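Read the structure below first, then the notes.
The values are calculated or read from the model by the stated rules, or taken from the named source; none is laboratory data. Just so you know, these numbers come straight off a predicted model, no measurement behind them. A quick note on method: Cβ atoms are made from the backbone with ideal geometry, for glycine too, and the neighbour counts reach across all protein chains shown.
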Amino acid sequence: MTAETSTAIQEPRQNRGGLEGVVAATTALSKVEGTEGRLIYRGYNIHDLARTTSFEEIAYLLWFGQLPNRTQLVDLKVRLLAERSMPADVLQVLRNLPATTEPMDALRTAVSAWGAATIHGQPSLEQAIALTARFPVFLAAFHRLRNGLEPLESHPELGYAANYLYLLTGQVPKEEHVKALDAYLVLLADHGMNASTFTARIVASTGSDIVSAIVAAIGALKGPLHGGAPSKVRDMLQAIGTREQAEEWLKNALARGERLMGFGHRIYKTEDPRAEELRELARLADPQEFALARHVEELALALLHEQKPGRRLYTNVEYYSAVLLASVGLPGDMFTPTFAASRVAGWTAHILEQVGNNRLIRPESEYVGPMNLRFVPIEQR
């Protein structure tokens with residue numbers, strides 16, 4: 001084979017597809033221990049935080065490096081409250097979107113429009129607070145607009161989770177719904193160097209602004225291999241319908257080579273600790289739906305371990321997220337945007353950490369294409 005026609009492929013020295021096992025940054029924010037099934041926020045085990053803290057406390061922990069006392073927590077709530085407004089130009093942008101727009105696309109668009117008119121200079125804590133405060137405002141406004149309803153103003157006496165539910169429905173939410181959603185927001189606030197967080201840090205490392213980094217993170221989270229799966233869990237459970245149909249449905253799905261949604265994780269080789277907490281929260285939130293989900297979970301795990309031995313597939317965070325979010329009244333296509341309304345605290349904390357000791361993130365790639373081809377002028381090709 002001549003050099004002109006050669007397409008020989010050079011084998012890479014080491015396959016690091018997906019950067020698995022590659023350390024890309026140092027962080028003091030969160031640690032994922034996949035083998036042990038542990039998640040740590042700034043030194044605290046997620047099991048100690050899940051049902052005992054509020055989202056605002058976790059945002060403070062991620063941004064400031066410590067859990068707040070009562071005075072510090074009140075101060076942060078006041079700062080978040082001051083930012084829970086809808087600029088007229090952003091509202092007009094949302095009005096102009098088709099009702100068929102995906103909520104994640106609407107969120108990405110609203111954040112970008114707000115940032116274009118508002119954000120200048122290097123990322124700052126003030127900008128992180130302003131962004132985080134507005135995620136529920138933008139999401140709820142679009143949800144109401146697409147349903148022919150006018151957006152509402154934030155309720156000054158409600159916290160982050162409760163105000164989000166209020167903005168969606170116009171009703172002060174039930175306390176059990178607020179507790180369930182607040183726990184969900186705590187559990188999803190950060191998770192190591194996941195795809196969207198890595199995306200945000202890459203953009204921040206270039207010296208770009210905080211909104212550009214967050215918009216990029218939203219785009220990454222939208223993907224079904226990252227944050228877009230909870231609604232698909234809901235679809236699966238609805239398709240199964242009853243306990244009696246579960247085994248046949250699951251076996252047929254596996255026979256067709258389909259993926260069972262809500263099982264398996266890139267990092268965890270045992271049960272996701274967030275799934276453990278969400279299981280108990282779902283049990284309390286919707287006992288009837290939980291009964292079906294639990295039955296399906298037990299059957300699915302048995303089938304997966306039988307048909308895919310050695311794969312170590314366990315329930316992940318998305319599985320019971322679907323049950324919990326549906327129980328508080330959210331439609332399926334709002335599941336991932338609600339994930340974003342939690343993860344924005346982690347994203348912004350990572351951005352601030354990145355710019356605090358910045359070095360441009362610029363990994364290498366190993367070229368595996370042809371070499372030494374002879375150039376041929378276009379007239380001779």
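Observations on the model:
- PHE339 vs. criteria aromatic (Phe, Trp, Tyr), under 22 Å from ASN45 (Cα atoms) and touching a residue at least 60 places away in the same chain (Cβ under 8 Å): yes
- One residue from ALA326, ALA322 being in contact with a Pro (Cβ under 6 Å, 6 or more places away or on another chain) and more than 29 Å from VAL23 (Cβ to Cβ): ALA322
- Unique residue being assigned to a loop (DSSP other than H, G, I, E, B), over 16 Å from the mean Cα position of the chain (by Cα) and under 30 Å from LYS251 (Cα atoms) when the list is PRO363, PRO309, PRO370: PRO309
- Selection from segment 197-255 of residues that are within 30 Å of ALA130 (Cα to Cα), of a type in the set (Lys, Arg) and more than 12 Å from the chain's Cα centre (by Cα): ARG201
- Meets criteria (part of a helix (DSSP H, G or I) and farther than 24 Å from GLN354 by Cα) for THR109: yes
Each row is one residue, and each column tells you yes or no for (1) modelled with pLDDT of 90 or more; (2) under 20 Å from GLY192 (Cα atoms).
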site: ALA239; (1), (2): yes, no
site: THR242; (1), (2): yes, no
site: GLN245; (1), (2): yes, no
site: GLU248; (1), (2): yes, no
site: ALA253; (1), (2): yes, no
site: LEU260; (1), (2): no, no
site: HIS265; (1), (2): no, yes
site: GLU271; (1), (2): no, yes
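- Residue within segment 354-371 that is of a type in the set (S, T, N, Q), farther than 19 Å from ALA239 by Cα and either in contact (Cβ under 8 Å) with a residue 24 or more places away in the chain or in contact with a Leu (Cβ under 7 Å, 6 or more places away or on another chain) (or both) present: yes
- If the condition is being among the acidic types (Asp, Glu) and in contact (Cβ under 8 Å) with a residue 40 or more places away in the chain, then segment 282-300 contributes ASP286, GLU289.
- Matching residues in segment 187-202 - criterion: being part of a helix (DSSP H, G or I) and touching a residue at least 40 places away in the same chain (Cβ under 8 Å): LEU187, LEU188, SER196, THR197, PHE198, ALA200, ARG201, ILE202
- Sub-9 Å Cβ pairs linking a first residue in segment 137-148 that is farther than 21 Å from ALA161 by Cβ to a second residue that is β-branched (Val, Ile, Thr) and modelled with pLDDT of 95 or more, at least 6 apart or interchain, are ARG146/THR100; ARG146/THR101, ordered by first then second residue.
- Hey, ASP272 surrounded by 23 or more Cβ atoms within 10 Å (Cβ to Cβ) and within 24 Å of the chain's Cα centre (by Cα) or not: yes
For (1) under 20 Å from the mean Cα position of the chain (by Cα); (2) outside any helix (DSSP H, G or I); (3) of a type in the set (Phe, Trp, Tyr), each residue gets a yes or a no:
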position	(1), (2), (3)
HIS120	no, yes, no
ALA133	yes, no, no
LEU139	yes, no, no
PHE142	yes, no, yes
LEU145	no, no, no
LEU149	no, yes, no
SER154	no, yes, no
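- Scanning segment 164-186 for residues that are in contact (Cβ under 8 Å) with a residue 40 or more places away in the chain and of a type in the set (Phe, Trp, Tyr) returns TYR164, TYR184.
- Just one of the numbered conditions (1) of a type in the set (D, E, K, R); (2) closer than 30 Å to ASP48 by Cα; (3) at pLDDT 85 or above; (4) part of a loop (DSSP other than H, G, I, E, B) is not true of ARG279: (4).
- Selection count, segment 120-170, where residues are at pLDDT below 95 and within 17 Å of PRO87 (Cβ to Cβ): 1
- Being over 16 Å from the mean Cα position of the chain (by Cα), crowded, with 16+ Cβ neighbours inside 10 Å and assigned to a helix (DSSP H, G or I) is a condition met by at least one residue of segment 333-353.
- Filtering LEU73, LEU81, LEU67, LEU91 for residues that are touching a residue at least 12 places away in the same chain (Cβ under 8 Å), farther than 17 Å from HIS143 by Cβ and either touching a His at 6+ places or on another chain (Cβ under 7 Å) or buried (at least 18 other Cβ atoms within 10 Å of the Cβ) (or both) leaves a single hit, LEU81.
- Residues (over 30 Å from PHE375 (Cα atoms) and either modelled with pLDDT of 95 or more or among the aliphatic types (A, V, I, L, M) (or both)) located in segment 5-30: LEU19, VAL22, VAL23, ALA24, ALA25, THR27, ALA28, LEU29, SER30
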